[in-house]
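My structure is below; once you've seen it, I'll send some questions.
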Amino acid sequence: MLYWLLYEQLGINFFRYPSTRILLSAAFALLLSIWLGPTFIEWLRRMAIGQEVRDDGPAGHAKKQGTPTMGGTLILFCTTVPTLLWMQPTNRYVWFVLIILLGYGLVGFIDDYRKVALRNTKGLSGRYKLIGQAGFGLVALLFLMWATPYDTNLYLPFIKPSTFSPDIGWVYIPFALLVLLGTSNAVNLTDGLDGLAIVPTVISSGVFLVLAYAAGATLSGFNLAEYLRIPHTHGASELAVLCGALCGAGLGFLWYNAHPAEVFMGDVGSLALGGALGALAIVTKNELVSAIIHGVFLAEAMSVILQVGSYKLRGGKRIFKMAPLHHHFELSGWPEPKVIVRFWIIAALLALAGLTTLKLR
């Protein structure tokens, strides 16, 4: 680990500051992703690891059949390596997020492998997928509770922590698990168009970079968390190093995932990235605010829930032309690039709305 070597062993003070290592982590992840991309995509083509398109999807998606998938493996590699290089190795909050990122990535990898090996769109059954996610999530949450001074208080948007922040005790574990599962599967549902999921993921990672840094940083004796009236979490600023890597790896992946996509992230990417975003919301105590920050993902997930509920309860009647929501707009006549860019704009606006909660307390 370069941080350990350059600062703790050689005493180069420049590398002590999280801000320095955030920039190095983001730059390293971006360059690594762009550099490895062509070789990795070509390997996927040679191994015939291609996308299996849904039979009931929009007709225009048939041309995506066979496009290399499981590109999320590249994102995970280009996020994990820079994080390990530039993080404080003893920071347990970062290890918590890495457990989720790689654990959920493994569940997604198994799902993608079954799709590729069996040549169908079913993959791992929903039951086993949830069991895998819940298992890794529970292990990570127990590690968080055991290895850190983490509290079980619930902090509400627009309300000062000193005014009202109830301690919900053991109920926090299932609540946090719901955040992890919900965010992970919401990102998975959003990943249906070229670049649609990765840009909101990068935007959310950027927001959590700010939130993590604010929650843990003290600048020349000035406590940012106290000034912003948010919960102070000692050591949370190290998470910004991981967030920087997520941003860099995500932008590098977008280089090849932009319409028309040369590679898809697959479930190995979407489940892992969604889980990581949920984990970041938990550590920074922004579980409820994340519903605003992740508004695009939430809308996509809710569209599926509403569609299925309407179909079952109203005798086959549907609310949307197709769910998730992005397909509804496609079938309404919006070209795919227009759907993608408009969703990106909404994601950016919601991210700004989430950040405003820092001051409106």
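Working only within region 132-183, note down all residues that are of a type outside the set (A, V, I, L, M), farther than 22 Å from residue 354 by Cβ and at pLDDT 95 or above.
Residues of region 132-183 that are of a type outside the set (A, V, I, L, M), as a first pass: 132-133, 135-137, 143, 146, 148-153, 155, 157-158, 160-167, 169-170, 172, 174-175, 182-183.
Narrowing further to those that are farther than 22 Å from residue 354 by Cβ: 132-133, 135-137, 143, 146, 148-149, 152, 167, 169-170, 174.
Correct list: 132, 133, 135, 136, 137, 143, 174.
Being in a helix (DSSP H, G or I) and of a type outside the set (Phe, Trp, Tyr) is the filter here; which residues of region 142-168 pass it?
142, 144, 145, 147
Being among the polar types (S, T, N, Q) and closer than 22 Å to residue 209 by Cα is the filter; apply it to region 14-39 and report the residue that is modelled with the lowest pLDDT.
Here the residue is 19.
Answer yes if at least one residue in region 119-129 is within 23 Å of residue 24 (Cβ to Cβ), over 19 Å from the mean Cα position of the chain (by Cα) and at pLDDT 90 or above, and no otherwise.
Of region 119-129, the ones within 23 Å of residue 24 (Cβ to Cβ) are none.
No, there is no match, as no residue in region 119-129 is within 23 Å of residue 24 (Cβ to Cβ), over 19 Å from the mean Cα position of the chain (by Cα) and at pLDDT 90 or above.
Has region 308-323 got at least one residue that is within 21 Å of the chain's Cα centre (by Cα) and over 26 Å from residue 254 (Cα atoms)?
There is no residue in region 308-323 that is within 21 Å of the chain's Cα centre (by Cα) and over 26 Å from residue 254 (Cα atoms).
Can you say whether residue 51 is within 23 Å of the chain's Cα centre (by Cα) and modelled with pLDDT under 85, as far as the supplied structure shows?
Taking the combined requirement at face value, the residue satisfies it.
Inside region 289-361, counting only helices (runs of 4 or more DSSP H) that do not spill past its ends, which hold 3 or more residues that are buried (at least 20 other Cβ atoms within 10 Å of the Cβ)? Step through it out loud before you land on a result.
Values: elements: 290-293, 295-313, 325-331, 336-356.
Filter on region 289-361 gives 295-313, 325-331, 336-356.
Under the condition of being buried (at least 21 other Cβ atoms within 10 Å of the Cβ) and of a type in the set (D, E, K, R), which residue from region 99-154 is nearest to residue 167 (Cα to Cα)?
Among them, the one singled out is 129.
The values are calculated or read from the model by the stated rules, or taken from the named source; none is laboratory data. All values derive from a computational prediction rather than experimental measurement. Note that each Cβ is placed from the backbone with ideal geometry, even for glycine, and that neighbours are counted across all protein chains shown.
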